[in-house]
Amino acid sequence: MWDRELTELFLRIGARFARVEPRKRMRDYVRGLLGPVGRKNSRQLAEFAGHPAPHRLRHLLARACWSADEVRDGLQACIGEQLGTPEGVLIIDDTGFVKKGTVSAGVQRQYSGTAGRTENCQIGVFAAYASTKGHALVDRELYLPRSWTEDRQRCQAARVPDERGFATKLELARSMVERALASLLPIAWATADSAYGRDSHFRRFLEDAGLSYVVAVPKSQQVHGPRIDFLIAQAPPEAWQRLPAGFGAKGERLYDWAAARLPAVWEFDGDQPTRQRWMLARRSLTKPDDVAYYLACAPLDATVADLVRVAGCRWKIEECFQSAKNECGLDQYEVRRYVGWYRHITLAMPAHAFLAAMAAQEREKGAAVTTRPTSWTSPRPRFAVCRQLDPATALRTATTP
């Protein structure tokens with residue numbers, strides 16, 4: 001079954017290759033990324049494929065005639081068919097690739113969330129798709145700092161296209177959202193961490209695109225004036241509900257959640273709003289001082305459980321990064337040029353998507369045994385909204401001298 005499904009994947013994305021030779025090399029490369037190869041660079045992948053030398057695979061990454069963007073588009077169509085559901089979630093995040101030297105495209109000393117500190121690294125901005133069937137990476141962009149885009153000679157040495165100028169991570173994220181919406185991926189929601197969610201223009205962009213969202217924000221985020229942490233602090237104990245936010249490596253992720261509907265904004269919503277804005281907080285069960293904050297925009301009939309589900313999906317892209325790096329060699333490339341980075345990352349994505357699709361099929365076969373239904377685990381009564389947390393009251397309290 002695995003061989004049949006992998007062959008089908010090759011047929012789908014192989015149609016994006018005009019010539020037979022790069023199409024064959026692509027298959028060798030992806031099979032190697034899925035195979036028991038110690039270090040998934042061109043040399044060891046070539047050995048696994050039975051090539052006498054790595055120059056064929058290096059040529060595939062550097063000079064062969066094919067478009068990584070077209071392969072990405074074909075992959076999105078495949079993922080839409082395999083994992084797509086009407087309530088699909090698009091997840092935006094970035095990850096770092098620690099590198100040595102100064103010649104790899106986009107490399108410089110910059111903060112990497114992967115390492116948790118400032119490192120000499122490249123930063124890739126990614127989009128993942130998540131549904132009840134599974135999750136996989138669907139898009140990627142390499143972040144080029146100003147130290148690169150303002151040095152055209154350096155860019156030329158790394159084969160960065162002349163038309164590629166500086167773009168912030170938020171701008172790269174917006175481009176990926178637009179492409180995803182134009183693809184065959186069925187998307188209803190979007191989520192991102194606070195690096196993206198704190199930006200009001202990004203949230204407004206998602207609303208204009210017709211996407212509902214739940215995005216993390218810092219505790220200093222202002223909501224109609226006061227900070228969000230102050231507003232959440234007004235919640236009485238009974239406003240917190242215990243809800244599952246999906247499954248992790250250690251089982252079901254349970255947190256206490258508090259939520260409140262926010263007033264409509266007339267200039268955006270008009271007299272008859274078709275969506276509802278929320279603020280949301282997640283509190284750890286073992287560390288009550290550990291609170292995360294979110295802003296959301298959802299359909300009028302959305303419940304707190306819906307918001308929690310989408311907020312919990314943000315971890316799915318972290319799982320994608322981990323599995324793609326550990327199992328598909330996402331970070332094990334040895335290319336330095338701009339085109340090589342995009343081609344390796346793009347070929348690692350089908351390998352990871354294939355594993356995600358196979359896992360989805362296995363779950364469907366054993367659904368009656370292995371699937372655990374999402375249930376209400378709190379001893380408190382279930383509410384569609386946390387009515388005990390009244391944002392209007394908190395706003396009045398904050399503004400009263």
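A few remarks follow.
- Residue count, region 285-299 (criterion: surrounded by fewer than 17 Cβ atoms within 10 Å (Cβ to Cβ) and either in contact with a Ser or Thr (Cβ under 7 Å, 6 or more places away or on another chain) or basic (Lys, Arg) (or both)): 3
- From the options 105, 46, residue that is more than 28 Å from the chain's Cα centre (by Cα) and buried (at least 21 other Cβ atoms within 10 Å of the Cβ): 46
- Annotation: of all residues in region 314-327 being in contact with a Leu (Cβ under 9 Å, 6 or more places away or on another chain) and surrounded by 24 or more Cβ atoms within 10 Å (Cβ to Cβ), the one that is nearest to residue 350 (Cα to Cα) is 324.
- Residue 225 surrounded by fewer than 16 Cβ atoms within 10 Å (Cβ to Cβ) and touching a residue at least 24 places away in the same chain (Cβ under 8 Å): yes
- Here residue 251 meets each of (1) under 27 Å from the mean Cα position of the chain (by Cα); (2) in contact (Cβ under 8 Å) with a residue 12 or more places away in the chain with one exception, condition (2).
Residue-wise test of (1) outside any helix (DSSP H, G or I); (2) surrounded by fewer than 22 Cβ atoms within 10 Å (Cβ to Cβ); (3) not acidic (Asp, Glu).
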site	(1), (2), (3)
335	yes, yes, yes
345	no, no, yes
350	no, no, yes
359	no, yes, yes
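- Among residues of region 125-157, those that are in contact with a Gly (Cβ under 8 Å, 6 or more places away or on another chain) and part of a strand (DSSP E or B), counted: 6
- Considering region 234-266, the residues that are in contact with an Asp or Glu (Cβ under 6 Å, 6 or more places away or on another chain) and under 20 Å from residue 315 (Cβ atoms) include one that is modelled with the lowest pLDDT, namely 244.
- Screening region 158-248 for strands (runs of 3 or more DSSP E) wholly inside it with 2 or more residues that are more than 14 Å from residue 297 (Cβ to Cβ) returns the ranges 241-248.
- Just one of the listed residues (163, 150, 141, 178) is of a type outside the set (A, V, I, L, M, F, W, C), under 25 Å from residue 79 (Cα atoms), loosely packed, with under 14 Cβ neighbours inside 10 Å and free of Cβ contacts under 8 Å to residues at least 60 places away in the same chain, and it is 178.
- Within region 282-320, the residues that satisfy the criterion of being in contact with an Asp or Glu (Cβ under 8 Å, 6 or more places away or on another chain) and assigned to a helix (DSSP H, G or I) are 314, 317, 318.
- Any hit, region 80-94, residues being in contact (Cβ under 8 Å) with a residue 40 or more places away in the chain, assigned to a helix (DSSP H, G or I) and touching a Cys at 6+ places or on another chain (Cβ under 8 Å): no
The values are calculated or read from the model by the stated rules, or taken from the named source; none is laboratory data. Only a predicted model underlies this, so the values are computations on that prediction, with no experimental measurement involved. Cβ sites come from the backbone with ideal geometry, for glycine too, and all protein chains shown count toward neighbours.
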